[in-house]
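Some notes on the structure that comes next.
The values are calculated or read from the model by the stated rules, or taken from the named source; none is laboratory data. The shown structure was predicted, so the numbers you read here are calculated from the model rather than taken from an experiment. Using ideal geometry, Cβ is built from the backbone for each residue, glycine included, and neighbour counts are taken over all protein chains shown.
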Amino acid sequence: MPTVGVKRDLLFKALGRSYTDEEFDELCFEFGLELDEITSEKEIISREQGDTKASGASDVILYKIDVPANRYDLLCLEGLVRGLQVFKNKCNRYQCDLPVDPMFAALHSPQTEAVRPHAVAAVLRNITFTQERYDSFIELQEKLHQNICRKRSLVAIGTHDLDTISGPFTYTAKRPGDISFKPLNQTKEYTATQLMSLYKTDSHLRHYLHIIEDKPLYPVIYDSNGVVLSMPPIINGDHSKISLKTKNVFIECTATDQTKAKTVLDMMVTMFSEYCAQPFTVEEAEVVYPDGKTCIYPELAYRKEKLSGKFINQKVGINESTEKIAHLLTRMCLLSQATGAGDEIEVEIPPTRSDIIHACDIMEDAAIAYGFNNITRTTPRTYTVANQFPLNKLTELLRQDLAAAGFTEALNFALVARTTLLPGLLKTIAANRKMPLPLKLFEISDVVLKDETKDVGARNSRRFCAVYYNKSPGFEVIHGLLDRTMQLLEVKPARGEGYHIQTADDSTFFPGRCADIFVRGKNVGRLGVLHPDVINRFELTMPCSALEMDIEPFL
Amino acid sequence: MADTGVLETLLQRVEKVDDGVDSLAVATSLGVDHQVIVGAVKSLQALGDVISAELRSSKHWELTEEGTEIAEQGSHESRVFSCIPQEGLAQSELMKLPFGKIGFSKAMSSKWIRVDKAHEGGPRIFRTVESIDDQVREKLLLVQKGHSTQLEEKEKNELKKRKLLSEVTVKSYWITKGNSFSTTITKQETELTPEMIASGNWKEKKFKPYNFEAMGVAPDCGHLHPLMKVRTQFRQIFLEMGFTEMPTNNFIESSFWNFDSLFQPQQHPARDQHDTFFLSDPAHAHEFPQDYLERVKKVHSEGGYGSQGYKYDWKIEEAQKNILRTHTTAVSARMLYKLAQQKFTPVKYFSIDRVFRNETLDATHLAEFHQIEGVVADYGLTLGDLMGVLHQFFTKLGITKLRFKPAYNPYTEPSMEVFSYHEGLKKWVEVGNSGVFRPEMLLPMGLPEDVSVIAWGLSLERPTMIKYGINNIRELVGHKVNLQMVYDSPICRSGPPTQTE
């Protein structure tokens, strides 16, 4: 779950009112956010680097807010404010209008196909940055990179001062040695090859190098004068870097996943077009594909869905009028109205809500707006008869009786996909050498075995393992436990139809002190006195006898 | 047991008086050590209400070691006096005696002796009086005989200053007759024996009372693991609620059933190496229900069933990758798919089993834990039904105050985090996750469109840690557990909310 840090006072100013921490926490809870932490830059630095480094840092109060992983529209202050304002009935939906003239073209060349095939772009015209807006703009790119962009592997965002470059732009791919430019915040030009080794030690950028490192051609974007805008997904050029003074921003997104590229571009422009001379207005860019096909971006697609009030009422378990439901949805940034045809509601899904992909997503928003905790709790009238899984039933019953037989249950990890339970029990003993003797332990758990007949090529096998650890080996104790277990399982001591044990060779056990357990003629396990080498390797000092067997044959 | 003679003598003493006797006085008059009488008192007390003894403390004066010596041999000054012959004694000779130095100065200040410094052959000491009265010795003798009251406080303090007397606190018993006082002692039996039962002579015997303050002998027994006790409890709750147990005995799962079938996209971060354990052998699963697999592929990449889909290039290679399952919901998916292949009947399923996640390990997180999961599939289930079932489930655990927070989960919509009010912490704490399975998961399986499936999950370890007050998960599971904790853990009995847990 991504965490967004916003300055509290800035947030309250944008929301048009202030809240106590408790009130804001409550608001977040209802909306599905979590006020994770109330802190300040000073506190963060002091915690991470010590008090001395923190002196002089800002003590402006920061809210750290956890945002659901699919709500990319809430990853910055601007988006959070819009979402919460709508939720609190504060304002209605915002508009994104498209200008008439597509002014910029990004040309796509076929070389990118093998490395990073998709590119989309847009322009924010006449934007006014302040320090806070600028910081938020940079921060949103970072949040998107870490989340939907999957650490830049799926999508990488580049933002440029449009007044320093001139279109049309060319998106191509070249050999690393043939790309040369001055990267962001560097003083001289490097070839792409040099950059890759330069950034090997960069704490931030080194995580992205693997995305293109082993490719023969690296993606690169040039302007019409041959100026390098960026070498996605690694670094932008220094030439076109944006600053507080930047008025016109060219945004490009290159990607391996086109759907996500479009979503990311939509998110960048919907969030920050608010600060353009004509608010919520974004300028299009034309992308020309190698095959001559052209596309206009951003798509900023509004999608209309029709559903019935009955659908919402039935799925949520409420009984609201069609109009009320339309109002609930509108409060969640989904502009809705009753069409008048029965209980039909038309819902408009804005480009910011890429998470809405099905009617059930719309239903959830209605339920959130209604308030989960206002829904009447009901009991499904489903009549069912419970059944235990036979293997678990047998396990439960056996465990009780093994404890009654004086053995104590241990519980060890299965993570290694172990094939035997014995080592876990021996480790448990090793960790409890201080306990009074004898130690009598058992465990019933699954081990994992390869099995070609299963779709995944492996299966679990339920095992029963017991150990006896004392000054004498106590084979008779473990043997007695086997007899008791067989008695519980209604298997009589006899060859053929019953159970018997017979000498076996196993390096885990002391020579001549190991036997196989046969049940109805089938070998189900083994018992014996452990070999001193085994005892030593588990750092144990006393003789020990053990039993391990499969319990599935007794189902 | 003290010597019967002493016991009987003591009882006779007590019988003779009306108000009682002091153990110290008895010891003095019998000429035995006080401890002997104290032992006798304890023995008599153990016999029942023969006597009653009240512990008292009193202060009295006692001679120090030096004081005792003086009482026997006289004060240092008197000894100096008596060792000086008529013709006098050289001072150097006198000083060689052990009492010489102190005795000399005291005798001088009492003017019993004099020094002739000009004497020929060094200073010489002579008597100045014929006889002396050794008062120090007499006073000490009085104290020694127990008559310290005859001395004035001032005199006693002076002797104390000379370290000849000391004041000591003495504990003694004031012994009076008990309700069943008798001067004869009956020997008490310790235990009932088969012979007594046979002969019936237990009727005449007196039995030594038990010490009910002592602990009993620990039974020789085995113990169930606390986490498994809580598992049994949760299993019981599900069974009481009519839920059928799912077969979750398959730790190794294909990405297909663990993720794809749940409409979890292939680029989802949970499918990263960082979050999931992938298997190197057997690395891949084979044999999927082919037509179902095609439907899953389509709903991911193109949508359908009313969904936009995720619009990406779905790859069979990703779905084939074997992993250690990250949730038991993989089994729920298999069960729901199986259910969809028959004529639909409503079901309630549950499971409690191990799941594996490549998590950052800390005091509350391990790379494997037990997931508790409940699933209900029926026609027309609502979000209200989900919250109602959760309310019933948690009420059985003794948790009644619940509230729900919107959340995100790729395979449920709506998704709700379940919070309960923790009376101890005075705040809402997350106790589980829940939701309604997405149509993109259910419809490709072939379940009817009007069937909804609600589900919830929580970890077994967390409630167990709370129940048994364990702060570090490593103290609960794995080989490093302290067996004493296992031995000592109480039964797990969750119950109606009136119980305080």
Note to self: Restricting to region A:401-422, name every residue that is at the interface with chain B (Cβ under 9 Å from one of its Cβ atoms) and within 30 Å of A:Asp451 (Cβ to Cβ).
What the structure shows: A:Leu402, A:Phe407, A:Glu409, A:Ala410, A:Leu411, A:Asn412, A:Phe413, A:Ala414, A:Leu415, A:Ala417
Note to self: Condition first: in contact (Cβ under 8 Å) with a residue 60 or more places away in the chain and of a type in the set (Ser, Thr, Tyr). Now tell me which residues in region A:130-176 satisfy that.
What the structure shows: A:Thr130, A:Tyr134, A:Ser136, A:Ser153, A:Thr159, A:Thr164, A:Thr170, A:Tyr171, A:Thr172
Note to self: Being at the interface with another protein chain (Cβ under 7 Å from one of its Cβ atoms), touching a residue at least 40 places away in the same chain (Cβ under 8 Å) and under 37 Å from the mean Cα position of the chain (by Cα) is the filter here; which residues of region A:384-400 pass it?
What the structure shows: A:Leu391
Checklist line | Residues of region B:355-405 that turn out to be crowded, with 17+ Cβ neighbours inside 10 Å, of a type in the set (S, T, N, Q) and facing another protein chain (nearest Cβ under 8 Å), as a count | finding: 1
Item checked: Only listed residue being closer than 30 Å to B:Leu11 by Cα and either touching a residue at least 12 places away in the same chain (Cβ under 8 Å) or touching a His at 6+ places or on another chain (Cβ under 8 Å) (or both), chosen from B:Phe81, B:Phe181, B:Phe126 -> B:Phe181
Margin query: Quick test for you: out of A:Gly525, A:Gly512, pick the one residue that is of a type outside the set (A, V, I, L, M, F, W, C), in a strand (DSSP E or B), modelled with pLDDT under 95 and touching a strand residue (DSSP E or B) at 6+ places or on another chain (Cβ under 9 Å).
Written below: A:Gly512
Margin query: If I filter region A:473-485 for residues that are within 13 Å of chain B (Cβ to nearest Cβ), among the hydrophobic types (A, V, I, L, M, F, W, C) and in a loop (DSSP other than H, G, I, E, B), do I get at least one hit?
Written below: no
Next item on the list: Scan (1) surrounded by 18 or more Cβ atoms within 10 Å (Cβ to Cβ); (2) under 19 Å from A:Ile296 (Cα atoms) for the single condition A:Pro168 breaks and write down its number.
Entry: (1)
Next item on the list: Of all residues in region B:434-458, count the ones that are surrounded by fewer than 19 Cβ atoms within 10 Å (Cβ to Cβ) and touching a residue at least 12 places away in the same chain (Cβ under 8 Å).
Entry: 3
Checklist line | Checking A:Met435 against (1) surrounded by fewer than 18 Cβ atoms within 10 Å (Cβ to Cβ); (2) among the aliphatic types (A, V, I, L, M); (3) more than 12 Å from chain B (Cβ to nearest Cβ), the condition it does not meet | finding: (3)
Next item on the list: Answer yes if at least one residue in region A:212-230 is within 14 Å of chain B (Cβ to nearest Cβ) and buried (at least 16 other Cβ atoms within 10 Å of the Cβ), and no otherwise.
Entry: no
Checklist line | Per-region count, region B:412-449, residues within 11 Å of chain A (Cβ to nearest Cβ) and not hydrophobic (A, V, I, L, M, F, W, C) | finding: 12
Next item on the list: Quick one: B:Arg271 ticks every box in (1) at pLDDT below 95; (2) touching a Lys or Arg at 6+ places or on another chain (Cβ under 7 Å) except a single one, so which number is it?
Entry: (2)
Check: Identify, please: which residue in region A:290-309 is outside any strand (DSSP E or B) and touching a helix residue (DSSP H, G or I) at 6+ places or on another chain (Cβ under 9 Å) and is, among those, surrounded by the fewest Cβ atoms within 10 Å (Cβ to Cβ)?
Finding: A:Asp291
Checklist line | The listed residue being hydrophobic (A, V, I, L, M, F, W, C) and either touching a Ser or Thr at 6+ places or on another chain (Cβ under 6 Å) or in a strand (DSSP E or B) (or both), out of B:Leu239, B:Leu227 | finding: B:Leu227
Next item on the list: Hey, can you tell me all the residues within region A:364-383 that are more than 7 Å from every other protein chain (Cβ to nearest Cβ) and either touching a Leu at 6+ places or on another chain (Cβ under 7 Å) or buried (at least 18 other Cβ atoms within 10 Å of the Cβ) (or both)?
Entry: A:Asp365, A:Ala366, A:Ala369, A:Tyr370
Next item on the list: Go through region A:507-549 and give me each residue that's acidic (Asp, Glu) and either free of Cβ contacts under 8 Å to residues at least 40 places away in the same chain or surrounded by 18 or more Cβ atoms within 10 Å (Cβ to Cβ) (or both).
Entry: A:Asp516, A:Asp533, A:Glu548
Item checked: Residue that is surrounded by the most Cβ atoms within 10 Å (Cβ to Cβ), among those in region A:269-284 that are part of a helix (DSSP H, G or I), touching a helix residue (DSSP H, G or I) at 6+ places or on another chain (Cβ under 7 Å) and of a type outside the set (Phe, Trp, Tyr) -> A:Met271
Next item on the list: Would you point out the residue of region B:342-366, among those that are of a type in the set (A, V, I, L, M) and outside any loop (DSSP other than H, G, I, E, B), that is farthest from A:Arg381 (Cα to Cα)?
Entry: B:Val355
Next item on the list: Only residues that are buried (at least 20 other Cβ atoms within 10 Å of the Cβ) and more than 10 Å from chain A (Cβ to nearest Cβ): list them for region B:266-298, please.
Entry: B:Arg271, B:Thr276, B:Val296
Checklist line | helices (runs of 4 or more DSSP H) wholly inside region B:24-105 containing at least 3 residues that are under 24 Å from B:Leu159 (Cα atoms) and either modelled with pLDDT of 80 or more or touching a helix residue (DSSP H, G or I) at 6+ places or on another chain (Cβ under 8 Å) (or both) | finding: B:65-73, B:76-82
Check: Looking at this structure, is B:Thr498 outside any strand (DSSP E or B), more than 25 Å from the chain's Cα centre (by Cα) and either modelled with pLDDT of 95 or more or more than 30 Å from B:Gly306 (Cα to Cα) (or both)?
Finding: yes
Note to self: Quick check on region B:302-317. Is at least one of its residues of a type in the set (A, V, I, L, M) and more than 10 Å from chain A (Cβ to nearest Cβ)?
What the structure shows: yes
Note to self: Please go through region A:422-452 and give me each residue that is assigned to a loop (DSSP other than H, G, I, E, B) and touching a strand residue (DSSP E or B) at 6+ places or on another chain (Cβ under 8 Å), ordered by number.
What the structure shows: A:Asn432, A:Leu437, A:Pro438, A:Asp451
